[in-house]
Amino acid sequence: MKKITIAVLLFISFQIRAQVPTLSSSEIYQGIKKLNVLGSVLHIAAHPDDENTLMLSYMSKDQLVRTGYLSLTRGDGGQNLIGAEQGANIGVIRTQELLGARKIDGATQFFSRAYDFGFSKTRKETLNFWDQNKVLGDVVWMIRKFQPDVIITRFPPDPRAGHGHHQTSAYLAEEAFKLAADPNAYPDQLKFVKTWQAKRLVWNTFTPGFTNKQPEGEKNPFISLEIGGYNSVLGKSYTEIAAESRSQHRSQGFGSAPVRGERIDYFLHKEGTPAKSNLFDDVDITWKRVDGSQKVQALVSDAIRNYDISNPSETVPALLKINQELTKLDSANIYVKAKKQEISDLLVQCLGLFFETNPVEFSSVAGDLADIKVTVVKRSKYPVKLISLNWTGVKSDSILNLILGENEMNAFNKRAVLPSDLKTTQPYWLLKPIDKGIFQIDNQQDIGYPENRPETKTDFVFDVDGQKFTYSRPWTYKFTDPASGEIYRPFEIRPTITANINEPVFIFPNTTSKTLSVMVEAQKSLVKGILKLDLPKGWKSDPASVNFDMTEKYQEQTYTFNITPPAKNEEGIVKAVAIVDGKNYDKSIKTIDYRHIPSQTLFPPAEAKLAKLDVKTTVKNIGYIAGAGDDVPIALRQMGCTVTMLNESALSKDLSGYDAIVVGIRAYNTENRLTYYQEKLMEYVKNGGTMVVQYTIPQRMKVKQIGPYPLQLSQDRVAEEDAEMRFLKPEHALLNYPNKITQKDFNGWIQERGLYFASDWDKSNYEAIFSSNDTDESLKEGSVLYAKYGKGHYIYTGLSFFRELPAGVTGAYRLFANMISVGKK
């Protein structure tokens, strides 16, 4: 029903203000204590924001176990409170938000290949869309790779979980718990990992008010844990850490205030051996689980006991002894690997080492030169030697054997020849089209990583008392913002030339040509070539092609083409292609830039949708009140309307000149000014205006009543985008003027029919226009409500125009045109 075209333990992720955070002495002490704990827990749920950040904080920072969070999806189907990004683009934002959250709560982030296709009501629907075998295989893969002692699901595998994705995440976790230990299940994975049997799987119950009473329908035992305690070493409670972590989910509006005091969570047994009082009952999380490690355990205990919080560098000899003993143990053991990595990281902190590579520019092209600055400083008295540097594009190590002075900055200006086979910096999961609800990832070992492993990096080799340690650091560009200070952004590899078409959709209501603009940007200096459009058969472009010649890097030139549609109604895709030195470049460039995450640059296809269709409007002048972010104003302009964005200043003026006023999604949840202008908007309608209000969430509304008559909103939605739309008022103007709406207009909708429908309304004044429902559910009539108010017209709609119009769904254009035209004949 839905339609859309591990070799290391710690994943590298970029910081906004520092590549590797400098830890306080108390945080270093916390890390040394963790060396004595050899347990692990894997948390599994469906989306960014599903995770219990309090539980993750408690496991990572109190229990000190290796803690991971596997989110099946990247949240691609959710809404966006901070901008207009949707689909895979919002998935990129939420990926970075999760990485920001994990930096705070101390867990490690993983993902499966599942694409979040939007709200689902049942596990059956979810698994009809996802390739169950592949997503289940990904969960098995992560269990085998991470080797958790305990698996914790956020949801139960049944309708109590609500969202179908939630149900599915628990169901797949329980299946994978068993299959991960079966050598006959997904045997190809065993080339890289071994089978693994976790001790137990529990459900971390999420129902508010859960008490010591057995949950209805459950017969299994459960344990309770107080997880909201105060960590005196860190100076924070786990609830405070969790709130800070949770607040990274800004695109979903999940800013959280810390709650201090006792917090008891419940863990209900689902698979494996039941716990009696602790999640790690009958699990040895000491060094006894590693053969021959008695000396290591003794050394770690000594390091903890003798740690001097005023001088962390005094712990370096102890860390070196532990590292030396670790080399004598089984190198394939996951805890030996993990503890060697932890030792390596702790040495950087105890020695006060800071080292990074900063390119002079934030991007380059494969095969070009890149000027970089490598800096190293040691901020302690302990002797350290910088043996060598090796950076991307250098043929051999740069041997230095440099004794580092205390707090002495060492800077090396280098020129790198970037390999010609470097890949463009595109998120690896977006390199290929989504197929059957799955991101297409060819390399098994890539599955699970939250982001690209950097291709441009520098290896730093240090000698500390005769032991060598190699650290790999990605290149990061940094600059100073006058308001915010030092800012980092990832270094990018770009194609030679990019081409951006000015609109995502072009609507042609007749055979009159329209102007299409293409902005060409050179990603290196001295680029010249030919720009042309690939058009569907029957469409014409004037000119057919143009020449471009750009001398400077990042230079932009815009070219216009007059596009003439065919005589009959037809849809298609136009592609912009730049030809340079005989090679075709057909990618656009999009940078997602929000201060709470590192800048993310994507290179989607340079294309737009064309549609010749019969769509009429009887209005021209539209006022638009922006909400949480959508591209509906662009669609209105494509229909020939003039759109004025109504900020507070514009709302304070006379509104009578607008043929219609459209309110963006969630505006009544996010825009405080509507509190003061609601009465004026209702007067506008009463005096003859037309007002169309798009979906609003019923919680935290800025006004008590969004319409002229009583209207109650709900969580009701129709998630099946091909659900039947029944016409309750076939003769109503909304279905007949100026466009005759038929069932064909509901073909090709994406992700859903709509959301946050009205559930109750003044039936003497509002008219319901449609009814629809998901499979096996009751009819819902609250997707579109129309009311005559005074001389004007008011419409509330939960139909997902904010998705359909940017996607070029032609029937959505025709219906929306009727809505804004209802008052003007």
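Could you tell me whether any residue of segment 161-171 is modelled with pLDDT under 95, closer than 28 Å to G754 by Cβ and not in a helix (DSSP H, G or I)?
yes
Looking only at segment 574-625, filter to residues that are over 30 Å from T512 (Cα atoms) and of a type in the set (G, A, S); which one of those is farthest from the chain's Cα centre (by Cα)?
My answer is G582.
Look through L54, L99, L72 and report the one residue that is surrounded by fewer than 23 Cβ atoms within 10 Å (Cβ to Cβ) and aliphatic (A, V, I, L, M).
L99
Consider segment 762-776. How many of its residues are part of a loop (DSSP other than H, G, I, E, B) and farther than 12 Å from E724 by Cβ?
6
Give segment 508-520 a look and list any residue that's aliphatic (A, V, I, L, M) and either closer than 24 Å to V615 by Cα or assigned to a loop (DSSP other than H, G, I, E, B) (or both), or say none.
Keep residues of segment 508-520 that are aliphatic (A, V, I, L, M), which gives 516, 518-520.
L516 - this is the single residue of segment 508-520 that is aliphatic (A, V, I, L, M) and either closer than 24 Å to V615 by Cα or assigned to a loop (DSSP other than H, G, I, E, B) (or both).
Can you tell me which residue within segment 422-473, out of those that are among the small types (G, A, S) and part of a loop (DSSP other than H, G, I, E, B), is modelled with the lowest pLDDT?
Keep residues of segment 422-473 that are among the small types (G, A, S), which gives 437, 448, 466, 472.
Next, from what is left, pick out any that are part of a loop (DSSP other than H, G, I, E, B): 437, 448, 466.
Working: G437: 91, G448: 97, G466: 96.
Step by step, filter segment 422-473, then rank; the result is G437.
Out of curiosity, is Q523 polar (S, T, N, Q) and crowded, with 21+ Cβ neighbours inside 10 Å?
So Q523 fits the description; yes.
Looking at segment 521-562, which of its residues are among the hydrophobic types (A, V, I, L, M, F, W, C), farther than 25 Å from D371 by Cα and not in a loop (DSSP other than H, G, I, E, B)?
Let us first name the residues in segment 521-562 that are among the hydrophobic types (A, V, I, L, M, F, W, C), namely 522, 526-527, 530-531, 533, 535, 539, 544, 546, 548, 550, 561.
Now narrow it down to the ones that are farther than 25 Å from D371 by Cα: 530-531, 533, 535, 539, 544, 546, 548, 561.
Scanning segment 521-562 gives I530, L531, L533, V546, F548, F561.
I'd like the residue in segment 84-137 that is part of a loop (DSSP other than H, G, I, E, B) and among the small types (G, A, S) and, out of all such residues, is nearest to L70 (Cα to Cα). Write out each step before concluding.
If we filter segment 84-137 for residues that are part of a loop (DSSP other than H, G, I, E, B), which is where we start, we get 84-87, 106-107, 112-113, 115-122, 130-131.
Subset that is among the small types (G, A, S): 84, 87, 106-107, 112, 118, 120.
Values: A84: 27, G87: 20, G106: 14, A107: 10, S112: 7, G118: 19, S120: 19 Å.
Among those residues, the one meeting the criterion is S112.
Across segment 314-348, what is the total count of residues that are surrounded by fewer than 19 Cβ atoms within 10 Å (Cβ to Cβ), assigned to a helix (DSSP H, G or I) and among the hydroxyl-bearing types (S, T, Y)?
1
How about segment 254-288: which of its residues are farther than 17 Å from T153 by Cα and among the aromatic types (F, W, Y)?
F254, W287
Pick from S363, S344, S380: which is in contact with a helix residue (DSSP H, G or I) (Cβ under 6 Å, 6 or more places away or on another chain) and polar (S, T, N, Q)?
Selected residue: S380, the only one of S363, S344, S380 that is in contact with a helix residue (DSSP H, G or I) (Cβ under 6 Å, 6 or more places away or on another chain) and polar (S, T, N, Q).
Could you check how many residues of segment 567-610 are buried (at least 16 other Cβ atoms within 10 Å of the Cβ), in a loop (DSSP other than H, G, I, E, B) and in contact with a strand residue (DSSP E or B) (Cβ under 8 Å, 6 or more places away or on another chain)?
Within segment 567-610, residues that are buried (at least 16 other Cβ atoms within 10 Å of the Cβ), in a loop (DSSP other than H, G, I, E, B) and in contact with a strand residue (DSSP E or B) (Cβ under 8 Å, 6 or more places away or on another chain) number 7.
Anything in segment 729-745 that is loosely packed, with under 15 Cβ neighbours inside 10 Å and not hydroxyl-bearing (S, T, Y)? List them, or say none. So that I can check it myself, show each step before the final result.
We begin by selecting, within segment 729-745, every residue loosely packed, with under 15 Cβ neighbours inside 10 Å; these are 730-731, 736, 740, 742-744.
Matches in segment 729-745: P730, E731, N736, K740, Q743, K744.
Inside segment 286-313, can you point out the residues that are more than 13 Å from I28 (Cβ to Cβ) and assigned to a loop (DSSP other than H, G, I, E, B)?
If the condition is that a residue be more than 13 Å from I28 (Cβ to Cβ) and assigned to a loop (DSSP other than H, G, I, E, B), then T286, V290, D291, G292, S293, N306 are the ones that fit.
Return the total of residues in segment 216-232 being farther than 20 Å from R102 by Cβ and assigned to a loop (DSSP other than H, G, I, E, B). Write out each step before concluding.
In the first step, residues of segment 216-232 are kept if they are farther than 20 Å from R102 by Cβ; the result is 216-226, 229-230, 232.
Add one more test, that the residue is assigned to a loop (DSSP other than H, G, I, E, B), and what stays is 216-221, 229, 232.
Going through segment 216-232 one residue at a time, the tally reaches 8.
Quick check: is even one residue across segment 298-312 of a type in the set (S, T, Y), more than 19 Å from L351 (Cα to Cα) and surrounded by 13 or more Cβ atoms within 10 Å (Cβ to Cβ)?
So far as segment 298-312 goes, yes, one or more of its residues are of a type in the set (S, T, Y), more than 19 Å from L351 (Cα to Cα) and surrounded by 13 or more Cβ atoms within 10 Å (Cβ to Cβ).
Here is a list: V619, V663, V643, V685. Which entry is more than 17 Å from K702 (Cβ to Cβ), in contact with a strand residue (DSSP E or B) (Cβ under 7 Å, 6 or more places away or on another chain), surrounded by 23 or more Cβ atoms within 10 Å (Cβ to Cβ) and of a type in the set (V, I, T)?
Result of the check over V619, V663, V643, V685: V685.
Across segment 479-504, what is the total count of residues that are part of a strand (DSSP E or B) and surrounded by fewer than 17 Cβ atoms within 10 Å (Cβ to Cβ)?
Selection size over segment 479-504: 6.
Looking only at segment 657-695, filter to residues that are at pLDDT 95 or above and polar (S, T, N, Q); which one of those is nearest to G253 (Cα to Cα)?
Q694
Here are I665, I661: which of them is assigned to a loop (DSSP other than H, G, I, E, B) and of a type in the set (V, I, T)? Write out each step before concluding.
On the way: I661 fails: assigned to a loop (DSSP other than H, G, I, E, B).
Just a single option satisfies the conditions, and that option is I665.
Here is a check on your reading of the model: is I507 among the β-branched types (V, I, T), in contact with a Gly (Cβ under 9 Å, 6 or more places away or on another chain) and surrounded by 13 or more Cβ atoms within 10 Å (Cβ to Cβ)?
Criteria met by I507.
If you check T205 against the conditions, is it modelled with pLDDT of 95 or more, under 29 Å from the mean Cα position of the chain (by Cα) and not small (G, A, S)?
Spelling it out, it is not the case that T205 is modelled with pLDDT of 95 or more, under 29 Å from the mean Cα position of the chain (by Cα) and not small (G, A, S).
The values are calculated or read from the model by the stated rules, or taken from the named source; none is laboratory data. Predicted model only: the values in this text are computed from it and were never measured. Please note: Cβ atoms are built from the backbone with ideal geometry, for glycine as well, and neighbour counts cover all protein chains shown.
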